[in-house]
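*Asks:* Here's a structure for you.
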Amino acid sequence: MSLVIREAVPGDAEGAGRVNAQVWREAYRGIVSDEWIANVSDEERIARWRVHLGSSSPARRWVALVDDEIVGFAASGPSRDAPPARDLELWSVYLLDAHSRRGIGTALTKTAIGAEPASVWVVEGNVRAQAFYRALGFVPDGSRERIDDWGVDEIRMVR
């Protein structure tokens, strides 16, 4: 396995968008509504990535490639919370199931935020993601928010 983690570029939109959609189908089935999952499309996620990678967003984005194929991504930037629990926020870490438990998610997270204090929002029902973040030193801080579109609550974790 040849792993490369690098900053995302506009040409990564298609691969990252497909990974984004597939991870939604893998990670959130049974957590968010079946209707929401059914409406997650590769095309819509690719279009979002084209916008993200073509904008001047304060977020930085990285992709993980295994044998030259995008299998995951991470994004981080200034906290979007007011007031912020930490100045730095891990905006996302997504990894295809087929590549989990190989250290790739950890490597993406370390690339995105290093050892810095940070916050991350996690879907409350996603116990696998919560365990992943706990292993990296994050703990729930008691903050919660409802995402009505998804029909779930998120909790904030900090380190």
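*Asks:* Those residues that are assigned to a helix (DSSP H, G or I) and touching a Lys or Arg at 6+ places or on another chain (Cβ under 9 Å), I need them from the range 114-159; list them, please.
*Replies:* 133
*Asks:* Further question: If residue 64 meets every condition in (1) touching a Ser or Thr at 6+ places or on another chain (Cβ under 9 Å); (2) under 19 Å from residue 31 (Cβ atoms) apart from one, which number is that one?
*Replies:* Only one criterion is unmet by residue 64, namely (2).
*Asks:* Restricting the search to the range 59-96, which residues are polar (S, T, N, Q) and outside any loop (DSSP other than H, G, I, E, B)?
*Replies:* Correct list: 76, 92.
*Asks:* Also: Suppose the filter is over 24 Å from residue 33 (Cα atoms) and in contact with a Pro (Cβ under 6 Å, 6 or more places away or on another chain); does residue 77 pass it?
*Replies:* When the stated conditions are applied, residue 77 passes them.
*Asks:* Does residue 96 satisfy being surrounded by 17 or more Cβ atoms within 10 Å (Cβ to Cβ), at pLDDT 95 or above and more than 14 Å from the chain's Cα centre (by Cα)?
*Replies:* In short, no.
*Asks:* Could I ask something else about it? Would you confirm whether or not the range 136-158 contains a residue that is within 13 Å of the chain's Cα centre (by Cα), in contact (Cβ under 8 Å) with a residue 40 or more places away in the chain and under 24 Å from residue 36 (Cβ atoms)?
*Replies:* For the range 136-158, residues within 13 Å of the chain's Cα centre (by Cα), in contact (Cβ under 8 Å) with a residue 40 or more places away in the chain and under 24 Å from residue 36 (Cβ atoms): absent.
*Asks:* Further, regarding this structure: Could you list, in sequence order, all residues of the range 102-113 that are not in a loop (DSSP other than H, G, I, E, B) and not hydrophobic (A, V, I, L, M, F, W, C)?
*Replies:* Across the range 102-113, the qualifying residues are 105, 106, 109, 110, 111.
The values are calculated or read from the model by the stated rules, or taken from the named source; none is laboratory data. Computed from a prediction, not measured in an experiment: that's the story for all the values here. Backbone-built Cβ (ideal geometry, glycine too); neighbour counts: all protein chains shown.
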